[in-house]
1. In this structure, is S298 surrounded by 15 or more Cβ atoms within 10 Å (Cβ to Cβ), farther than 26 Å from I171 by Cβ and at pLDDT below 80?
2. What strands (runs of 3 or more DSSP E) completely inside region 128-218 contain at least 2 residues that are in contact with a Pro (Cβ under 8 Å, 6 or more places away or on another chain)?
3. Take I274 and tell me if it is of a type in the set (V, I, T) and in a helix (DSSP H, G or I).
4. Look through region 277-294, keep the residues that are of a type in the set (S, T, N, Q) and assigned to a helix (DSSP H, G or I), and return whichever of them is surrounded by the fewest Cβ atoms within 10 Å (Cβ to Cβ).
5. Return the pairs, sorted by first residue and then second, in which the second residue is basic (K, R), the first residue lies in region 53-81 and is touching a residue at least 12 places away in the same chain (Cβ under 8 Å), the beta carbons are less than 7 Å apart, and the residues are 6+ apart or on different chains.
6. Within region 94-110, can one find any residue that is on the phi > 0 side of the Ramachandran plot, of a type outside the set (F, W, Y) and either at pLDDT 85 or above or over 26 Å from the mean Cα position of the chain (by Cα) (or both)?
7. Is it the case, given these coordinates, that V141 is closer than 30 Å to G374 by Cα and among the hydrophobic types (A, V, I, L, M, F, W, C)?
8. Tally up the residues in region 65-85 that are surrounded by 13 or more Cβ atoms within 10 Å (Cβ to Cβ) and under 22 Å from V257 (Cβ atoms), please.
Amino acid sequence: MAEKPNGNLRLAPILAIAMLAILAFSSIAHAADYFADYVVKQQGYFEKRMNSWWQVAIIAILICIFFNVLVYMLGSFLSSQEIKNYAKAEFLQVSASSLMIFFAVALLFTVTSGGGTNVSALDFMGSLLGTGGSTISCAAVNGLVFRIWEGDTQFGTGPIAAFKCKLQEKINALDNAFAKVAKYNEEKERLTSMCNYLFGVPVWCGDWNLELHKEVEQSHLIAQKITDLSVSLHAQFVLAEYIQKNMLTVFLPFGLVLRIFPLTRGVGGLFIAIGVGFFFVWPTFFLLSDPSFVKVNSPPDQPTQQGICFTGFRGSAVLLAGLVYNTESGQPSDLAIAEGKELVYMMTIGTLFYPFVALVLTLIFVRAMTPLLGGDMGDLMRMVSRLG
């Protein structure tokens, strides 16, 4: 008589599937919290930095209020309506600056509309870049994919960290290309440097070979262009580090304090617009202009299916990716020069064009927001804003 199968054995596959489903859903839920964790982290960091400005801000507000009271009293004593109107206007400006200071954290991180829709600055980034596992391709991290809200220990978290990762990717690619060009040009360089002499008179020099001379000089030109691009990329990397560390912690609080005083109100409004623009607008639009950017919302707007959609576009982005990730193949010398040519061309576009587009949009934002904040663009900023 056959034995009946054990009930525990029949339940084992069901339990295994259930456990896998729980792990999958827990990983999805954890990935969905990366954006919320980023917002909380930035909010805490900003609040901590704002605490060091409270004393300065309160003293500035009290000084301006006391000064406005004296001006109003002088207007009443002289029976001058113009002086009294000036005192009233300055009192309104001080009140506006005070509200901006006290509600700066709410304006940047926690403001919501009446219907429950988030409209703060961080939620503006989330609505454009996605609040889930949004990614951008980057060869400078493991897996060749940088998860924007999850971040990386080397570059940090957020859009600026993604921009730094893309810069490091280009720097690594240029360094490898420079090493290849230098390696495979070494033998030709040696040949062009050798000369045969007869009784102290040069009979034949390798550099007299026109074809060989052209190849060597071509390698020299490519190496020079790679060096120039590397300098530009390192400068952009340092600028991104500066923006990541100082826009919300120095420029924005300092601008809020400067906006209180009448003489520095123009500079204060400009500082506020620069701080908000370069921390939120500039990296956001850089990522939107990158062909490898993949937006993922949490919860997703609609279910995705494998193989239906592709990210990016055929053309320069695909060529650039091939040059960044390629391994050596073909004739080493010719391949190194050909790759160097294409890489210099594509890196020039990626280094100058995409950041320039994001910079233009940021300057448009700064130019539009500065007058609304009571700031003055100044002659220098007007000249720069012509780019927008």
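The values are calculated or read from the model by the stated rules, or taken from the named source; none is laboratory data. On a predicted model such as this, the values are computed, not experimentally measured, just so you know. When we count neighbours, we look across all protein chains shown, and the Cβ atoms used for this are built from the backbone with ideal geometry, even at glycine.
1. Yes; evaluated as a whole, the condition is true for this residue.
2. Those strands (runs of 3 or more DSSP E) span 195-198.
3. Yes, satisfied.
4. Looking at residues that are of a type in the set (S, T, N, Q) and assigned to a helix (DSSP H, G or I), I get S289.
5. Correct list of pairs: Y72/K84; G75/K84.
6. No - not one qualifying residue is present in region 94-110.
7. Spelling it out, it is not the case that V141 is closer than 30 Å to G374 by Cα and among the hydrophobic types (A, V, I, L, M, F, W, C).
8. Result for region 65-85: 4.
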